[in-house]
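Computed from the coordinates by the stated procedures, all read-outs in this text should not be read as laboratory data. What you are looking at is a predicted structure, and each value in this text was computed from that prediction instead of being measured. Don't worry about glycine lacking a Cβ; one is built from the backbone with ideal geometry, like all the others, and counts go over all protein chains shown.
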Amino acid sequence: MTALLEVSGLQIGLDTGVPLVHDVSLSAAPGELVGVVGESGSGKSLTLRAVAGLLPAGVRVTGGSVRFDSQEVLGASEPNLRALRGGSIGMVFQEPMTALNPTMRVGAQIAEGARAHLGLSRRAADQRASELLERVGIRDAAKRSRLYPHQLSGGLRQRVMIAIALAGSPRLLLCDEPTTALDATVTAQVLELLDELARDLEVAIVLVTHDLGVVSRACHRVVVMYAGRIVEEGTTDAVIRRPAHPYTLALLRAVPTRSTTIDDLVPIPGALPGPGAPLDGCPFAPRCALVEDACRAKAPPLIEVEGRRTACRRSEQLRRPREVVLDR
Amino acid sequence: MTALRFVARRLLIGLPVVIGVTLLVFVLIHLVPGNPARNALGTRATPQAVAALEHRWGLDKSLPEQYGRFVGRLATGDLGTSTSYNEAIGPLVARRLPVTLWLIVYATILACLIGVPLALLAATRPGGWVDGAVRFVSVAALGLPSFWLGILLAEWLGVRSGLFPASGFGEGFAGHLSSMFLPSLTVALGVAPLLIRALRAEMLTVATSDYVVTARSKGLSRWGVMRRHILRNALVPGLSVLAVSVSFFVGATIVVEKIFALPGLGDLMLQGISSRDFQVVQSVTLVLALLVIVVNIIADLATGWLDPRIEVR
């Protein structure tokens with residue numbers, strides 16, 4: 001399977017020169033769901049935004065390449081980028097309350113993307129908006145497309161958000177914390193929908209989240225980010241069952257499951273290093289239980305271990321976690 | 001239907017405000033020295049004649065009694081009789097109201113025609129030279145007093161170039177449109193800077209909101225994002241700034257009407273004050289207060305139409 005999205009060596013920094021994301025590489029193939037997990041500030045959302053050329057003001061890509069369908073996206077002209085955005089690349093954002101225009105009917109918000117990319121007439125675009133609402137599981141679509149965002153529940157709003165992302169028939173969906181603002185039941189429904197889209201429409205999906213539960217339920221592969229770097233990457237099964245990086249393990253231990261009590265949960269001591277903090281060694285070293293002098297001296301490269309990549313020199317020393325089973 | 005009920009309710013709520021304003025004006029005008037009867041009869045009239053006229057006009061009654069009679073007549077729709085024009089005030093106000101309405105509506109439209117595009121230009125590239133130029137011009141315009149700006153416009157665009165009439169109301173719709181241009185422009189140039197600043201700031205705030213990122217993620221053009229997503233959401237707060245400024249210049253029209261010799265309510269008010277015509281002053285105040293209330297009701301209706309989250313009821 002050839003990758004549809006190929007990010008390699010991506011570097012992102014502030015205009016002032018402070019680096020935020022270091023050497024991130026990831027890929028996604030058609031029909032594949034790739035999860036990117038990490039704490040707030042790990043650079044996962046910036047990576048996603050850089051792919052669509054939608055970095056916030058003051059932040060820019062400082063190196064590397066982003067290829068979509070073998071075409072370089074970085075440095076592409078604004079018209080070319082506009083053709084990709086909303087066309088071949090759809091985006092789903094975190095907070096469906098604030099990410100939808102409050103003064104526009106939801107149908108019109110879906111239709112405008114369809115008009116811009118598929119060259120549809122107003123009527124045909126409205127028709128498509130209703131179809132897409134139905135596609136994402138909203139009943140009474142024609143009627144609901146006349147409503148405003150504040151008249152819909154959080155779950156319905158997130159479905160509208162996905163319908164917007166689908167309006168231009170994308171081949172790649174970039175989802176930025178799509179379930180964070182939703183309750184557990186709705187989260188499950190939205191993940192199921194994403195899974196369906198990947199299977200039925202052969203859409204490649206990159207899903208950024210801080211929730212390992214979401215990753216374990218939905219994603220085929222997972223990329224774990226820490227302090228703007230990839231620390232571990234592999235199939236979801238491998239990474240979650242036998243983490244090969246102490247940070248991944250620590251994250252797993254901080255996730256409550258059905259059988260955990262409050263005493264079983266182990267918080268990770270310390271905090272993320274701030275952006276631009278001088279780090280010679282492994283960025284996780286100050287918080288790591290397995291740290292030794294060599295870790296602080298030189299940042300470990302990503303190495304292949306048991307069919308996945310990890311940026312830990314001591315991965316073989318990691319205790320097998322007592323069968324970490326997340327709610328599936 | 002709900003909109004109608006809303007208007008009715010708001011008018012009802014506005015009633016105490018109107019009464020309060022007339023009471024205030026009533027008290028204030030009686031603080032000013034001067035006697036309408038003496039004014040009407042001239043300095044050589046006998047005290048007996050003045051007293052007789054005062055009695056006929058009810059001016060010899062106590063102030064609370066006089067105000068009570070004014071409000072009582074008002075309830076029957078009678079604004080009373082002007083002591084200086086010697087005619088019923090109702091028709092007098094009705095003749096002059098269209099001039100002032102023209103001025104308010106025309107000036108508001110011009111202010112929007114000037115303000116919205118300039119705010120758009122400024123907000124498209126904040127910090128650019130267009131933004132700087134717009135800011136400079138609007139601060140300069142804000143600093144110009146309307147009596148001076150009005151005279152300048154009348155002189156340059158009216159008298160010297162002859163492009164527009166420098167005074168009068170004109171005849172017919174086209175006549176009004178050209179005659180009222182300079183006075184309306186004078187008022188609009190005072191309001192537009194406020195509108196520009198409010199809209200520009202609001203658009204820059206809206207531009208950082210999540211739904212604008214969503215709009216950009218749809219691959220819309222810069223202009224499409226600006227028009228469909230940023231401008232519309234920025235108009236809501238912009239509208240309240242406009243409503244406040246319009247309410248404010250309803251009073252300021254007095255100066256502009258004087259400069260351009262417009263036979264409007266402001267002009268009537270001035271004459272009423274100078275001839276101590278209490279009834280006229282009170283009636284015009286009443287009408288202007290009502291106008292302010294109506295302007296605000298219209299603004300609220302428009303806000304409800306622009307922002308579906310705001311329910312008009």
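Look at the alpha carbon pairs under 8 Å that are at least 6 residues apart: their mean separation over the length of the range B:92-219 gives a relative contact order of 35 percent. Normalised by the number of residues in chain A, the mean separation of alpha-carbon contacts (under 8 Å, six or more apart) gives a relative contact order of 20 percent.
Under a 5 Å amide H cut-off, with hydrogens placed 1.01 Å from N, A:Ile303 pairs with A:Thr310, A:Ala311, A:Cys312 among residues at least 5 apart or on other chains. If you take every residue apart from B:Val71 with its C-beta less than 14 Å away from the C-beta of B:Val71, what net charge results, scoring Lys and Arg +1 and Asp and Glu -1? Around B:Val71, the charge tally is +1. Using the Cβ-Cβ distance between B:Tyr85 and B:Ile151 with R0 set to 30 Å, the FRET efficiency works out to roughly 0.60. Put simply, the amide H of A:Leu74, placed in the peptide plane, has neighbours under 5 Å in A:Val66, leaving out anything fewer than 5 places away on its chain.
Nearest 10 degrees is fine. How inclined is helix A:184-201 to the longest principal axis of chain A, computing both from alpha carbons? That helix lies at roughly 80 degrees to the long axis. If you take the alpha carbon atoms of the range A:148-190 and fit the smallest convex hull around them, that volume is 73 Å³ per residue. Once the chain from B:Glu65 to B:Arg38 is taken as fully extended at 0.36 nm per residue, the excess over their C-alpha distance is 7.6 nm. Label positions at B:Leu31 and A:Ala294, each projected 7 Å from the Cα along the C-beta direction, are separated by 9.0 nm.
Of the DSSP H helices in chain B, those with a Cα length along their own long axis of 20 Å or more and a mean Kyte-Doolittle hydropathy reaching 0.0 comprise B:2-31, B:89-124, B:129-143, B:181-207, B:232-259, B:278-306. The distance between label points at B:Thr208 and A:Ala142 comes to 4.4 nm (points 7 Å beyond Cα on the Cα→Cβ vector).
Ranked for footprinting exposure by Cβ neighbours inside 10 Å, fewest first, B:Arg73, A:Arg128, B:Arg44 give B:Arg44, B:Arg73, A:Arg128.
Ordering A:Ala3, A:Gly154, A:His22 by the projection of their Cα atoms onto the charge dipole of chain A, which places +1 on the Cβ of Lys and Arg and -1 on the Cβ of Asp and Glu, puts A:Gly154 at the extreme positive end. Treating r as the C-beta distance of B:Leu113 and A:Asp237 and R0 as 56 Å, the FRET efficiency rounds to 0.30. Between the alpha-carbon centres of the range B:188-259 and the range A:6-52 there is a gap of 37 Å. Prolate is the label for the range A:97-169, because a/c, from the alpha-carbon gyration tensor with a ≥ b ≥ c as root eigenvalues, is 1.5 or above and a/b exceeds b/c.
Here the protein assembly as shown carries DSSP beta bridges of which approximately 60% are antiparallel, counting only pairs with both residues inside. A Förster distance of 56 Å, applied to the separation of the beta-carbon atoms of B:Leu4 and A:Thr185, puts the FRET efficiency at 0.85. Annotation for the range B:10-57 versus the range B:106-130: alpha-carbon center distance of 45 Å.
For chain B, dividing the convex hull volume of the Cα atoms by the residue count gives 171 Å³ per residue. Within chain A, all pairs of alpha-carbon atoms sorted by distance into 10 Å bins from zero give the percentages 6, 25, 33, 23, 10, 3, 0.
Counting, for every residue in A:147-160, the Cβ atoms of other protein chains within 10 Å of its Cβ and taking the mean gives 1.
Shape index of the range B:105-243: Rg/Rh, with Rg the Cα radius of gyration and Rh the Kirkwood radius from the inverse mean 1/r over Cα pairs, equals 1.08. Using Cα centres only, tell me the gap between the range A:132-179 and the range A:74-102 in whole Å. For the range A:132-179 versus the range A:74-102, the Cα centre distance is 15 Å. When each of the peptides B:182-190, A:16-24 is scored by how many other beta carbons lie within 10 Å of its residues on average, the order from highest to lowest is B:182-190, A:16-24.
Working from Cα pairs under 8 Å separated by at least six residues, relative contact order for the range A:97-169 is 44 percent.
Values of log10 I(q)/I(0) for the protein assembly as shown across q = 0.05, 0.07, 0.12 Å⁻¹ run -0.39, -0.64, -1.19, by the Debye formula with one identical scatterer at each alpha carbon and no solvent.
Taking amide H atoms as placed 1.01 Å from N in the peptide plane, the amide H of A:Tyr226 lies under 5 Å from those of A:Val231, each 5 or more residues away in sequence or on another chain. Compute the label zone of A:Asp195 within the range A:31-46: residues whose backbone N is under 15 Å from the point 7 Å along Cα-to-Cβ. Only A:32-35 pass the distance filter. Assuming a ≥ b ≥ c are the square roots of the Cα gyration tensor eigenvalues, decide whether the range B:107-181 counts as rounded (a/c under 1.5), prolate (otherwise, with a/b larger than b/c) or oblate. The shape class here is prolate.
Evaluated on the range B:2-75, the Kirkwood hydrodynamic radius is 14.8 Å, with distances taken between all distinct Cα atoms.
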